[in-house]
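Participant: Mind having a look at this structure? Questions to follow.
The values are calculated or read from the model by the stated rules, or taken from the named source; none is laboratory data. Fair warning: this is a prediction, and the values are worked out from it, not measured in the lab. Cβ coordinates were reconstructed from backbone atoms using ideal geometry, including for glycine residues, and neighbour counts include every protein chain displayed. Note: areas computed on protein heavy atoms with side chains; ligands, DNA, RNA excluded. Shrake-Rupley method; radii C 1.70, N 1.55, O 1.52, S 1.80 Å.
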Amino acid sequence: MTRQLDPNDPIENTYVFDLEMSTRGARLNKLAEALNQEEHRAEFREDAERFMEKFGLGEMERQMIRDRDWLNIVKKGGANIYNVIRIASVLGTTLYPMGAQQLGLTIEEFLETRNVKGAT
């Protein structure tokens, strides 16, 4: 199998979703994938703590979700970015605020970097 990334020449500020991250993020990813079903989304909104417990999330994983720490849910938690978006959307966060947070910008600063003005 050909590697897609030369480990001796990493791309700055990127995180490759590999087997190690997949293993580390198994609980977060299972929780997120359950959110494909409306009854699970409702359950998560109603009592996020109980829902996170149901999937065996550790305290660090739970705190990252409580804090809406999208970057570290990927970086430290090992969640797939598509699953992070799924969790965020159930919690009422859209892509632009996620992008701003991940870059360390305010939403206003982030929106200035977009080609389409007025989007949220």
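Participant: Quick one: count up the residues across region 18-42 that are within 19 Å of residue 89 (Cβ to Cβ) and in a loop (DSSP other than H, G, I, E, B).
Facilitator: 4
Participant: Look at region 18-46 and say how many of its residues are at pLDDT below 90, of a type outside the set (Ser, Thr, Tyr) and open to solvent by less than 90 Å² (accessible area, probe 1.4 Å).
Facilitator: 2
Participant: Hey, another quick one. For the condition in a loop (DSSP other than H, G, I, E, B) and among the basic types (Lys, Arg), what is the one hit in 68, 45, 86, 50?
Facilitator: Testing whether each residue is in a loop (DSSP other than H, G, I, E, B) and among the basic types (Lys, Arg) leaves just 68.
Participant: Being open to solvent by 40 Å² or more (accessible area, probe 1.4 Å) and either of a type in the set (Asp, Glu) or closer than 21 Å to residue 100 by Cα (or both) is the filter here; which residues of region 47-63 pass it?
Facilitator: Answer for region 47-63, where residues must be open to solvent by 40 Å² or more (accessible area, probe 1.4 Å) and either of a type in the set (Asp, Glu) or closer than 21 Å to residue 100 by Cα (or both): 47, 49, 53, 59, 63.
Participant: Moving on. Being among the hydrophobic types (A, V, I, L, M, F, W, C) and surrounded by 11 or more Cβ atoms within 10 Å (Cβ to Cβ) is the filter; apply it to region 1-17 and report the residue that is modelled with the lowest pLDDT. Spell out the reasoning first.
Facilitator: Kept after step one, since they are among the hydrophobic types (A, V, I, L, M, F, W, C), are these residues of region 1-17: 1, 5, 11, 16-17.
Keeping just the survivors that are surrounded by 11 or more Cβ atoms within 10 Å (Cβ to Cβ) gives 5, 16-17.
Numbers: 5: 64, 16: 76, 17: 76.
The extreme case among them is 5.
Participant: Is there any pair with a first residue in region 29-40 that is within 18 Å of residue 62 (Cβ to Cβ) and a second that is open to solvent by 20 Å² or more (accessible area, probe 1.4 Å) and of a type in the set (A, V, I, L, M, F, W, C) whose Cβ atoms are under 6 Å apart and which are 6 or more apart or on different chains, and what are they?
Facilitator: 30/55; 31/55
Participant: Within region 64-120, which residues are surrounded by 18 or more Cβ atoms within 10 Å (Cβ to Cβ) and aromatic (Phe, Trp, Tyr)?
Facilitator: Passing the criteria: 70, 110.
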